Amino acid sequence: MIKTAVSRFLPYFSCHRNVGQRSLTKAFLTEAVKRHVFDGRTDAMPPDQRNNLKNRLIWVDLEMTGLDVENCHILEMACLVTDSDLNVVAEAPNLIIHQPEETLNKMNEWCVKHHTDSGLVDAVRASKISLQQAEYEMLAFVRKHTLPKICPLAGNSVHEDKKFLAKYMPQFMNHLHYRIVDVSSVKELCRRWYPGQFENAPQKKAAHRALDDIMESIDELKFYRTTIFK
């Protein structure tokens, strides 16, 4: 369907003699048609299927060069989609974003130690993935598994991730609902209101890698749900 739609419009742009321009035009048309087809399909979904998609959560964890959104940059991004019962229904490829040495050299002592010990710094140096490519891949992933502007962002202290997403991945951020599900907020309330049960909460391994952190956050929220939110 997508190839057929693109082929209908492409001849109108064949005046471009430059091969690169024609390639960009075809890529643009393909993405535009994908968006149109996807949006049409969600509108035509059966009510039960649409309701299931509406209740999904988009889990994101970023590893950055620091917490100052004006001067720091994204090194790694992981993204999962769960249903309302916290079962993982889709997992995006874990993306490590290349950053120049100038950016890595500006990291503070904490980031240098932990991102070096985890192997992330070396992985960033070796990566060929740009920020723009990472946003494109993650946006395609959430469009495939969630409805636009309906599913909230979820994670631990995810308000920090949200700031970086808003600055560096605005198209991805635009797909999400404005609300967030912050596991750290649930943790603080449970620690105060249910100290006895809270003592048995799973302990974090502090791996400081994006996918590991997401899985720990999901497991933590599952604990609060089954132990406290009965």
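The values are calculated or read from the model by the stated rules, or taken from the named source; none is laboratory data. No experiment lies behind these values; they were computed from the predicted model shown. In this analysis, Cβ positions are derived from the backbone assuming ideal geometry, glycine residues included, and neighbour counts consider all displayed protein chains.
Hey, among Asn174, Asn156, which residue is out of contact with any Gly (no Cβ under 7 Å at 6 or more places or on another chain) and over 16 Å from Asp61 (Cβ atoms)? Before you say what the answer is, go through the steps one by one.
Working: Asn156 fails: over 16 Å from Asp61 (Cβ atoms).
Exactly one residue qualifies, and that residue is Asn174.
Taking the criterion of being basic (Lys, Arg) and either assigned to a helix (DSSP H, G or I) or farther than 13 Å from Lys187 by Cα (or both), the residues of the stretch 197-223 that qualify are Lys205, Arg209, Lys222.
Yes/no per residue for (1) under 14 Å from Met64 (Cβ atoms); (2) touching a residue at least 24 places away in the same chain (Cβ under 8 Å); (3) not in a loop (DSSP other than H, G, I, E, B):
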{"position": "Gln99", "(1), (2), (3)": "yes, yes, no"}
{"position": "His114", "(1), (2), (3)": "yes, yes, yes"}
{"position": "Val124", "(1), (2), (3)": "yes, yes, yes"}
{"position": "Glu135", "(1), (2), (3)": "no, yes, yes"}
{"position": "Arg143", "(1), (2), (3)": "no, yes, yes"}
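Only one entry in Arg192, Arg209, Arg179 is crowded, with 19+ Cβ neighbours inside 10 Å, assigned by TED's automatic domain parsing to the domain that holds Glu63 and either among the charged types (D, E, K, R) or over 20 Å from Ser84 (Cα atoms) (or both), namely Arg209. Annotation note: of Leu80, Leu86, the sole residue that is on the phi > 0 side of the Ramachandran plot, modelled with pLDDT of 95 or more and either within 21 Å of the chain's Cα centre (by Cα) or surrounded by 12 or more Cβ atoms within 10 Å (Cβ to Cβ) (or both) is Leu86.
Residue count for the stretch 79-108, restricted to those that are touching a Lys or Arg at 6+ places or on another chain (Cβ under 8 Å) and among the small types (Gly, Ala, Ser): 2. The set of residues from the stretch 140-172 being farther than 21 Å from Ser185 by Cα, within 11 Å of the chain's Cα centre (by Cα), of a type outside the set (Val, Ile, Thr) and surrounded by 19 or more Cβ atoms within 10 Å (Cβ to Cβ) comprises Phe141, Met169, Phe172.
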